[in-house]
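This report refers to the structure that appears directly beneath it.
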Amino acid sequence: MRLVFAGAAHEVTGACFYLEDKEHKFLVDCGLFQGSKLAYQKNIEAFPFLASEIDFVLLTHAHLDHCGRLPRLVRLGFSGPIFATPPTVAIARLVLEDTLGLMLEGSVPKIFEEEDLKEALNRFVEVGYNTSREINHLSFTFREAGHILGSSFLEIESEKHRLLFSGDLGNAPSLLLSPPDKPFKAETLILEATYGDREHDDKMGKIAFLHEAVDYVIRTGGTLLIPAFAVERTQELLFIFDILSAHAKISKIPIYLDSPLAIDVVSVFRSFPDYLRPAVADKVVSGDDPFDFPSLRLVYSEALSKTLNDKPGPRIIIAGSGMMEGGRIQHHLVHLLDDPRNMLFVPCFQAKGTLGRQIIDGAKEVTIFNKTLPVKAKVVFANSFSSHADQPQILKWLEGQSPKRIFCVHGEEEGLLALKSKLEKQFPFAEIIIPSLNEGFEL
């Protein structure tokens, strides 16, 4: 079997892995490159395989860096099925439709057309967790990854090979999701390293952490501005604010969810309670909606979004994009970043090259819409909110494995090297490899 790394090699985005044996040519994920100045060029470059020869795609989850090039794959000739869990199918539809909208309005470079998206969406085939599917002597199983709703790691088995793709592993314990399942033993592991060089802050302190942030703007009369991914991070924030709304002072503060995509994704969470943590699922089924509360204001229209910056504090605004590279968050930053009464609370991973990374790395000023803005708002980076496993969690998840080789992917250089070093100690007889983009290996 041959494995080619067509993305997420020496970087976090663009996940795409090509596998070929005598009977199959297929992909695990087909995601968008994001963040760097070279991302657009990478997204339009030819794949290191012929799209028309791909038999099927296995999609681990619906984040754009894992599903964003699927319509382009179709545009270049792919006509097979795309297998994914039911929540992944529902969320991917929303994410890809939103991406097309941004392309059509010129916010991001266009890499596919509307007809490509429609055809890609028609190719989805739903497969639940723990349900093995077989295609010509090759079987695959989606298992709970605990990263976002419906996210999976993949167990793939043929007559000669057992492969384990971690996908994106969740940061357990999660407020919304069950922890990652224990994987089967495999000879070849493809392992994410997003946080391969660190340990998260106290994970169960998320509620207290956010409470402190709200108290800050109550004292200052300012705005708590939260750039958040539309999928998972926003829903977790709503879940926490639902809990915090029991406090009298907080219940009076308006919380604006200024992200049409995030609002739509909330509906998907309500539609798939079986994929939530049992305690959260029980609340959804009983009608005690954990994603709604009296002070929540849903902002669909762009016109209403623009009026938010004229409203007095204290107030809370949740908006995308999570890495602050585009979307409504940028308009809010222009109006709010230069005021020390405000807090920018960053609960998401910030890739190198993004506006968000500049800010959390301590930039004193940034440029948005060709305007140079001083960063005077209080900036807080809350990595405990990450939905990615940290180094100790990754190593624990691998306990009991005895692989021949491990490929470290989906990470920046520091995380990849740190995780590689730890893996060499944990698995002294395994080959630990950090592959380069489009590099291929015979398994």
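Taken together, the values in this text are just the output of simple stated rules run on the coordinates, not laboratory data. What you are looking at is a predicted structure, and each value in this text was computed from that prediction instead of being measured. Every residue, glycine as well, gets a Cβ built from its backbone with ideal geometry; the counts of neighbours run over all protein chains shown.
Worth a mention:
- Converting phi to 3J(HN,Hα) with the Karplus coefficients 6.51, -1.76 and 1.60 and the offset θ = phi - 60°, the stretch 5-11 yields 9, 8, x, 6, 10, 6, 7 Hz in sequence order, with x at every glycine or proline.
- The trypsin sites (Lys or Arg not before Pro) of the stretch 84-121 include none that meets both conditions, a loop assignment by DSSP and at most 10 other Cβ atoms within 10 Å of the site Cβ.
- Here the Karplus relation 6.51 cos²θ - 1.76 cosθ + 1.60, evaluated at θ = phi - 60°, turns the backbone of the stretch 430-440 into coupling constants of 9, 8, 9, 10, 10, x, 9, 4, 6, 7, x Hz, with x for every Gly and Pro.
- For the stretch 120-209, the set of GluC sites (Glu not before Pro) satisfying both a DSSP loop assignment and a count of at most 14 other C-beta atoms within 10 Å is given as GLU159, GLU199.
- DSSP beta bridges in the stretch 203-385 [antiparallel fraction, %, rounded to 5]: 20 percent
- Estimated distance in nm for a label pair at THR367 and ILE218, the labels positioned 7 Å out from Cα along Cα-to-Cβ: 4.1 nm
- Computed over the stretch 259-413: relative contact order in percent, which uses C-alpha pairs under 8 Å that are six or more apart: 16 percent
- Local charge for LYS376 was computed over the other residues whose Cβ lies under 11 Å away, with Lys and Arg +1 and Asp and Glu -1, and equals 0.
- Overall dimensions of the stretch 1-69 by Cα: Rg and Dmax, Å: 11.7, 38
- Share, in percent, of DSSP beta bridges within the chain that are antiparallel, nearest 5: 45 percent
- The loop-placed chymotrypsin sites (Phe, Trp or Tyr not before Pro) in the stretch 254-314, going by DSSP, that have at most 14 neighbouring Cβ atoms within 10 Å of their Cβ come out as TYR300.
- Using a cut-off of 26 Å between Cα atoms, the listed pairs LYS42/LYS160; LYS22/LYS396; LYS42/LYS364; LYS378/LYS420; LYS42/LYS352; LYS110/LYS206 include LYS42/LYS160; LYS22/LYS396; LYS42/LYS364; LYS378/LYS420; LYS110/LYS206 as exceeding that distance.
- Whole-number percent relative contact order across the chain, with pairs defined as alpha carbons under 8 Å at least 6 apart: 20 percent
- Computed from the C-beta positions of ASP288 and ASN130 and an R0 of 41 Å, the FRET efficiency is 0.90 to the nearest 0.05.
- Full extension of the segment from GLU413 to ASP339, taken as 0.36 nm per residue of separation minus the current Cα-Cα distance, would add 23.2 nm.
- Remark on VAL125: its backbone amide H falls under 5 Å from those of ILE82, PHE83, ALA84, a criterion applied only to residues 5 or more positions apart or on other chains, H modelled at 1.01 Å from N.
- Max-minus-min Cα coordinates of the chain on each principal axis give 65, 45, 43 Å, with the largest extent listed first.
- Within-14-Å neighbourhood charge of GLU114 [Cβ basis; K, R +1; D, E -1]: -2
- With R₀ set to 25 Å, the beta-carbon distance separating SER251 from ALA303 gives a calculated FRET efficiency near 0.35.
- Residues listed by number, the stretch 138-171, amide nitrogen under 18 Å from LYS185 label point at 7 Å toward C-beta: 155-165
- Once the gyration tensor of the Cα atoms in the stretch 393-432 is diagonalised, the equivalent ellipsoid follows with semi-axes of 16, 11, 9 Å, ordered largest first.
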